[in-house]
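Read the structure below first, then the notes.
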Amino acid sequence: MVSRSAHRASRPSSFPRVASLGLVAATAASPFATAVPALATPSVGGLAATPLLPTTPLPTTPIATTPLPATPIVTTPLPATPTTTVTRWVTVGSNVRSGPGTSYSVVGGLSAGTRVTGTYTSNNWLDLGNGRFVAGSLLTATDPGGSTPTPPSETVRWVTVGSNVRSGPGTSYPVVGGLSAGTRVTGTLTSNGWFDMGNNRFVAASLLTATDPGGGGGDPAPAPPQAPPTAETRWISSGANVRSGPGTQHPVVGGLTQGTQVSGSMTSNNWFDLGNNRFVYGPLTTTSPPSSPTPPAPTPPAPTPPQDPPASTVTRWATTTINVRSGPGTNHPVVGALTAGAQVSGSTSNNWFDLGDGRFVAGWLLAETAPGQPAPAPAPGQVTGAVILAEAAKYAGVPYLWAGSTPAGFDCSGFTSYVFAQLGISLPRTAAQQKNYVTPVSDPRPGDLVFYGSPAYHVGIYAGNNTMWDSARPGTVVSLHTIWDSGDLSYGRVPGVSA
């Protein structure tokens with residue numbers, strides 16, 4: 001028996017070296033060398049076993065790396081949507097916010113039916129300008145009041161002095177902004193002398209001018225030639241004075257009787273221009289010929305009733321051309337006329353002056369003194385409604401002038417305060433102050449004051465039969481007319497005026 005050591009000694013020394021080299025080579029060449037170790041069969045009889053796995057490396061297939069062609073991205077910009085100003089109406093009471101969203105603070109409100117203009121934002125809010133926005137979902141393009149009226153023509157004005165902007169046409173409305181002197185604004189004039197800039201923003205028209213104070217970069221363009229006014233035909237509705245100019249400050253140059261047909265054109269201050277420096281007060285004309293009054297049917301003479309003691313006979317003078325009627329009221333037929341300055345004698349009854357023989361004239365159109373003579377200051381307690389109305393009638397035709405308080409021009413409270421001052425009674429200057437001064441009454445009599453609004457924004461003098469004297473608004477003159485129907489009407493009696 002050969003020992004283990006003797007057997008190792010008898011083994012060729014090179015064999016193991018060759019087998020080892022072959023195994024190393026196979027291991028190095030195989031791509032799986034690091035993943036799967038080479039397995040060998042146990043030696044038999046001292047010989048090295050053949051490896052169980054092939055050692056030839058597998059060929060590798062290259063991966064194609066050709067890049068795909070890039071597809072260009074179209075970057076054509078979308079066309080921009082033009083910004084267009086639109087008109088809308090508020091469908092329900094809505095908040096006005098400082099930005100286009102409910103996260104912005106509330107800076108005002110709009111009532112249902114309010115008309116607004118502006119431009120829509122991308123998130124459906126309407127931009128009213130000056131940092132004011134309202135939700136588009138609360139607006140409609142249809143006027144809830146019916147067909148959309150034609151808006152008045154806008155005019156351009158410039159601010160003459162720093163001015164408050166208010167939410168409505170009057171000082172009773174809250175201030176919502178301001179305008180500095182020289183600012184250019186556009187809008188329309190209201191009937192009570194305010195300038196409507198749209199979106200519930202108003203400024204007093206008296207603080208504006210039609211002339212650009214900066215010159216506009218040069219002289220303003222000349223106004224286009226105006227077509228001459230179209231002549232129209234009218235008829236005199238009652239006896240009327242003809243004056244040399246469009247106002248009561250011009251001399252009387254003639255007279256016209258009721259029913260006279262005239263031709264001419266209306267002036268801007270409501271006088272009718274007959275041509276050749278001859279003017280007649282517009283409200284004393286009519287566009288249709290007066291109908292001939294039907295003569296009353298004859299009645300059999302009635303027995304003479306017992307006569308009351310005769311009323312005190314007084315002398316008066318006509319302050320203007322006056323209709324003479326067959327009874328003490330405007331519902332009686334006209335039977336003649338008095339010219340301005342005519343002297344009459346008679347008695348006063350129910351604020352009408354009885355001339356006798358069934359002839360009456362309105363007592364408030366008569367004066368206690370002859371034309372040109374100063375009226376005596378009434379004694380305390382002698383200022384009556386008839387005296388007040390006679391004084392008011394002296395200023396018929398005086399044009400409206402904002403802040404005016406003389407016969408050169410009146411505003412509403414300037415007119416009332418001037419009339420009462422001539423009779424020795426001092427009134428506060430503004431309509432609101434005059435309303436606070438008088439005693440409220442529900443059964444007005446001639447000579448009481450008529451107020452609109454609370455606080456009052458307009459005042460006139462009650463003349464009986466639902467009529468009043470006043471100086472109403474720009475473009476009008478002092479006149480006697482029917483009281484406007486209004487829900488905010490009230491009356492007041494001036495202290496010191498007797499019945």
query = So which residues in segment 459-483 are open to solvent by 10 Å² or more (accessible area, probe 1.4 Å) and more than 22 Å from Gly329 (Cβ to Cβ), if there are any at all?
reply = Ala472, Arg473, Pro474, Gly475, Thr476
ask   = Given the residues Asn130, Asn199, which is the only one that is within 30 Å of Trp402 (Cα to Cα), touching a residue at least 40 places away in the same chain (Cβ under 8 Å) and within 16 Å of the chain's Cα centre (by Cα)?
value = Asn199
remark   = Only one of Trp484, Trp469, Trp402 is under 26 Å from Glu368 (Cβ atoms) and either touching a strand residue (DSSP E or B) at 6+ places or on another chain (Cβ under 9 Å) or assigned to a loop (DSSP other than H, G, I, E, B) (or both), namely Trp469
inquiry  = Can you confirm whether Tyr491 is open to solvent by less than 10 Å² (accessible area, probe 1.4 Å) and aromatic (Phe, Trp, Tyr)?
reply    = no
query = Hey, among Gly145, Gly101, Gly113, which residue is surrounded by 12 or more Cβ atoms within 10 Å (Cβ to Cβ) and modelled with pLDDT under 90?
reply = Gly113
ask   = When Glu391 is evaluated against the numbered criteria (1) in a loop (DSSP other than H, G, I, E, B); (2) charged (D, E, K, R); (3) more than 29 Å from the chain's Cα centre (by Cα), which criterion, by number, is the only one it fails?
value = (1)
ask   = Pick from Thr330, Thr320, Thr348: which is in a loop (DSSP other than H, G, I, E, B), open to solvent by 60 Å² or more (accessible area, probe 1.4 Å) and hydroxyl-bearing (Ser, Thr, Tyr)?
value = Thr330
message = Quick check on Thr257: is it more than 23 Å from the chain's Cα centre (by Cα), open to solvent by 60 Å² or more (accessible area, probe 1.4 Å) and modelled with pLDDT under 90?
response = yes
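The values are calculated or read from the model by the stated rules, or taken from the named source; none is laboratory data. Please read all numbers here as calculations on a predicted model, not as lab measurements. Counting neighbours? That spans all protein chains shown, and the Cβs are built from the backbone with ideal geometry, glycine included. The protein model used for the area step is the full one, side chains on, heavy atoms only, and it has no ligands, DNA or RNA in it. Shrake-Rupley method; radii C 1.70, N 1.55, O 1.52, S 1.80 Å.
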